[in-house]
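Report on the following structure.
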Amino acid sequence: MSFTINSHGKTNRIQNINIKHEDLNKLVFPFKKHTITSLEYKPFSRFSLAKSLDEVFENKLSKTIVEILKDRNTGTVIVEPQIDKKKFDKDFLVKLSTGFAYLVGNPNFDSMSNKYYARFTVKHEDSSDSYLRKAYTNLDLHTDGTYVKEKTDWLIMTKMEEQGVSGGESVILHLDDWEYLDELSNNPVGQQDFIWGSPKSKNVQYKVEHPVFKKDKEGKPIISYIDQFPEPKNMEQGLFLQRLSDCLEESKKKIEFPLPVGSTIFSNNYFWLHGRKPFKENNNLSRELLRIRGTFFVD
Ligand SMILES: [Fe+2]
């Protein structure tokens, strides 16, 4: 086994996996077998790509990632491959992220891109209808998949490229570290059904209903929340969401770090929230992220 695994400098809850240049080199040949188009069109090719990724690591990478993601005490992996920009281009990063995803489960269809993954760029100018692409405002802490019918057990975010970037650090929070968890998760309003819609760019025509807080199999609270999409039906729900938003954003337990180009945040989506700090204004700003969200394979 040749990847290394260490606790993140700021918390034991995040495990960093480093992949060396020489191991990435071993992936070049098996990855060449698959084009981006064939990966997009033929789901089985993603499994074979993931298998070749695992084989480079004696089939231990899949087991390691699954264990960390499912463990309530951890739940987040940051994979840092030692990329050499020329050889390990964006196509390589799409394939690497695809491999990570298919080592743990099946991705959901992403309505925003009509693919199993989505790539999106934040730039200086923006005319979109959601916070996702607004460079100079905070992207508040949230979970993914709040407005879709599919289960979203985990998510992958890979930094594909950045130029003219200052600020824009990743921000994540483990639910059990959050100072206000007891107050908010035990508030009966948080267990009521909320209506969740989404703006046009998400290409989701329906609305869903679910509470903000539920309990997992062990009775521990889990969260499904994003600030922009719940449609409170009365004062009680509106005020609950405002309090929730304030308590998340003012938490001192948030972990903030710059995500290097080529690196991936891989998180359990039930007890980790994620967001992004504002970028510093720059006319040449450009940052591209890839995301994949999905469910665990059923044992
Ligand atoms: Fe998100």
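Scan segment 82-97 for residues that are within 16 Å of LEU289 (Cβ to Cβ) and either in a strand (DSSP E or B) or in contact with a Pro (Cβ under 8 Å, 6 or more places away or on another chain) (or both) and jot them down.
Across segment 82-97, the qualifying residue is only LEU96.
Identify, from the list GLY238, GLY219, the residue that is assigned to a loop (DSSP other than H, G, I, E, B), open to solvent by less than 60 Å² (accessible area, probe 1.4 Å) and either closer than 15 Å to SER170 by Cβ or away from the ligand (no atom under 16 Å from the Cβ) (or both).
GLY219
Which one of these is within 16 Å of the ligand (Cβ to nearest atom) and either open to solvent by 20 Å² or more (accessible area, probe 1.4 Å) or aromatic (Phe, Trp, Tyr) (or both): GLU162, GLU125, GLU150, GLU179?
GLU150
Which is within 19 Å of the chain's Cα centre (by Cα) and either closer than 28 Å to LYS253 by Cα or surrounded by fewer than 13 Cβ atoms within 10 Å (Cβ to Cβ) (or both), of LEU93, LEU69, LEU103, LEU61?
LEU69
Restricting the search to segment 130-179, which residues are in contact with a helix residue (DSSP H, G or I) (Cβ under 8 Å, 6 or more places away or on another chain) and of a type in the set (Ser, Thr, Tyr)?
SER130, THR137, TYR147, THR158
Considering each of SER251, SER286, SER263 in turn, give the residue that is touching a His at 6+ places or on another chain (Cβ under 9 Å) and either under 18 Å from LEU155 (Cα atoms) or modelled with pLDDT of 95 or more (or both).
SER286
Could you say whether any residue in segment 286-295 is of a type in the set (Val, Ile, Thr), more than 16 Å from the ligand (Cβ to nearest atom), surrounded by 15 or more Cβ atoms within 10 Å (Cβ to Cβ) and in contact (Cβ under 8 Å) with a residue 24 or more places away in the chain?
Yes.
Please state which one of ARG119, ARG133 is among the charged types (D, E, K, R), buried (at least 16 other Cβ atoms within 10 Å of the Cβ) and modelled with pLDDT under 95.
Within the list ARG119, ARG133, the selection yields ARG133.
Six or more apart or on different chains, Cβ under 6 Å: which pairs go from a residue in segment 4-29 that's assigned to a helix (DSSP H, G or I) to one that's surrounded by fewer than 17 Cβ atoms within 10 Å (Cβ to Cβ)? Could you list them?
Pairs that qualify, where the first residue is assigned to a helix (DSSP H, G or I) and the partner is surrounded by fewer than 17 Cβ atoms within 10 Å (Cβ to Cβ), are HIS21/GLN82; ASP23/SER2.
Got a sec? Which of VAL204, VAL171 is under 27 Å from GLU288 (Cα atoms), modelled with pLDDT under 95 and open to solvent by less than 50 Å² (accessible area, probe 1.4 Å)?
Answer to the selection: VAL204.
Name every residue in segment 54-98 that is under 13 Å from LEU155 (Cα atoms) and of a type outside the set (A, V, I, L, M, F, W, C), in order of residue number.
LYS70, GLY75, THR76, SER97, THR98
Assess whether LYS214 counts as being without any contact (Cβ under 8 Å) to a residue 24 or more places away in the chain, part of a strand (DSSP E or B), among the basic types (Lys, Arg) and at negative phi.
yes
Hey, can you tell me all the residues within segment 254-287 that are assigned to a strand (DSSP E or B), closer than 17 Å to GLY9 by Cβ and of a type outside the set (Asp, Glu)?
ILE255, PHE257, ILE265
From PHE29, PHE88, PHE109, PHE44, which residue is surrounded by 17 or more Cβ atoms within 10 Å (Cβ to Cβ) and out of contact with any strand residue (DSSP E or B) (no Cβ under 6 Å at 6 or more places or on another chain)?
PHE88
Show the residue pairs meeting these rules: Cβ distance below 6 Å; 6+ apart or different chains; first residue within segment 132-153 and on the phi > 0 side of the Ramachandran plot; second residue within 14 Å of the ligand (Cβ to nearest atom) and among the hydroxyl-bearing types (Ser, Thr, Tyr).
GLY145/THR152
The values are calculated or read from the model by the stated rules, or taken from the named source; none is laboratory data. Everything numeric here is computed off the predicted structure, so don't read it as measured data. Quick reminder, even Gly has a Cβ in these numbers, built from the backbone with ideal geometry, and neighbours come from all protein chains shown. We work out accessible area using only protein heavy atoms, side chains counted, and drop any ligands, DNA or RNA first. Shrake-Rupley method; radii C 1.70, N 1.55, O 1.52, S 1.80 Å.
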